[in-house]
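The structure under discussion appears below in the form of structure tokens.
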């Protein structure tokens, strides 16, 4: 199963592809690590944003998109544009989409710590949260059904 972990920050989706083959985690190279929704956020911009992600998911044969949940209220609440990004991802018909809460991720990582330090993955620093989301989802799918 190939998953795309997503962290939504401001007006962009930061991604990390990951695959679980047996007990081996693989992180395939990806042509694009972040997708930005343009500032005007009209319907055409959202369609273009969604099309770019859909094309990437098809090209890299992504089965599942796992998104880090963002709070709707409080100090760290997500902005409206972030929720547009989330909706655009959820409406892509070729992939299943799951939202993982921070508490669920913590519980998974407590039971199944990362097998490798993030720095050793070769990913960019800004991808760390997307990496953890992808890892958490794959562990959940394999061991915690």
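The values are calculated or read from the model by the stated rules, or taken from the named source; none is laboratory data. Worth saying up front: this structure is predicted, and the values here are computed from it rather than measured. Neighbour counts are summed over all protein chains in view; Cβ atoms, including those assigned to glycine, are modelled from backbone coordinates with ideal geometry.
Data table
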| item | result |
| --- | --- |
| Residue that is out of contact with any helix residue (DSSP H, G or I) (no Cβ under 8 Å at 6 or more places or on another chain) and within 22 Å of residue 25 (Cα to Cα), where the choices are 80, 66, 120, 87 | 120 |
| Residue ranges of strands (runs of 3 or more DSSP E) in the range 17-130 with at least 1 members touching a residue at least 60 places away in the same chain (Cβ under 8 Å) and buried (at least 17 other Cβ atoms within 10 Å of the Cβ) | 24-26, 64-68 |
| Number of positions in the range 133-143 that are more than 17 Å from residue 30 (Cα to Cα) and either free of Cβ contacts under 8 Å to residues at least 24 places away in the same chain or under 16 Å from the mean Cα position of the chain (by Cα) (or both) | 6 |
| Given (1) modelled with pLDDT of 95 or more; (2) under 23 Å from residue 10 (Cα atoms), index of the condition residue 80 fails | (1) |
| Every residue from the range 97-141 that is farther than 23 Å from residue 71 by Cβ and in contact with a strand residue (DSSP E or B) (Cβ under 6 Å, 6 or more places away or on another chain) | 138 |
